1. Give S37, S65 a once-over and let me know the one that is in contact with a helix residue (DSSP H, G or I) (Cβ under 6 Å, 6 or more places away or on another chain) and of a type in the set (S, T, Y).
2. Do we find that M54 is touching a residue at least 12 places away in the same chain (Cβ under 8 Å) and part of a helix (DSSP H, G or I) in this structure?
3. Looking at M49 and the list (1) at negative phi; (2) modelled with pLDDT under 95, which single condition is not satisfied?
4. Take the range 6-32 and flag every residue that is part of a helix (DSSP H, G or I) and either touching a Phe, Trp or Tyr at 6+ places or on another chain (Cβ under 8 Å) or of a type in the set (K, R) (or both).
Amino acid sequence: MPFTNKPFGTEDKIKMFERMGATAAVIALIIIMLIESGYVGEYKNLADMGLTAMIVVLAVSLVGSLFYKTRKK
């Protein structure tokens, strides 16, 4: 979304949450592939924390998107 002077409407908020969820899903898949391949090595705990954070971002984006979809007229 480019920076503009127009008001940030409900449709824009829904798009923002959907894009945030899609990005988190891709990052979570990459982290899962790194963990399963054993590439992370001694940083497994850090990768697990990153995966947990991406799961939280997915949950927040789902709730935010649903919240604004129910408020849409």
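The values are calculated or read from the model by the stated rules, or taken from the named source; none is laboratory data. Given the structure is predicted, the values throughout are model-derived calculations rather than measurements. Neighbour counts are summed over all protein chains in view; Cβ atoms, including those assigned to glycine, are modelled from backbone coordinates with ideal geometry.
1. Working: S37 fails: in contact with a helix residue (DSSP H, G or I) (Cβ under 6 Å, 6 or more places away or on another chain).
Of the residues listed, the single one that is in contact with a helix residue (DSSP H, G or I) (Cβ under 6 Å, 6 or more places away or on another chain) and of a type in the set (S, T, Y) is S65.
2. Numbers: touching a residue at least 12 places away in the same chain (Cβ under 8 Å): yes; part of a helix (DSSP H, G or I): yes.
Yes.
3. Just one mismatch for M49, condition (2).
4. Step one: of the range 6-32, the residues part of a helix (DSSP H, G or I) are 10-32.
Listed by number, the residues that qualify are T10, K13, I14, K15, F17, R19.
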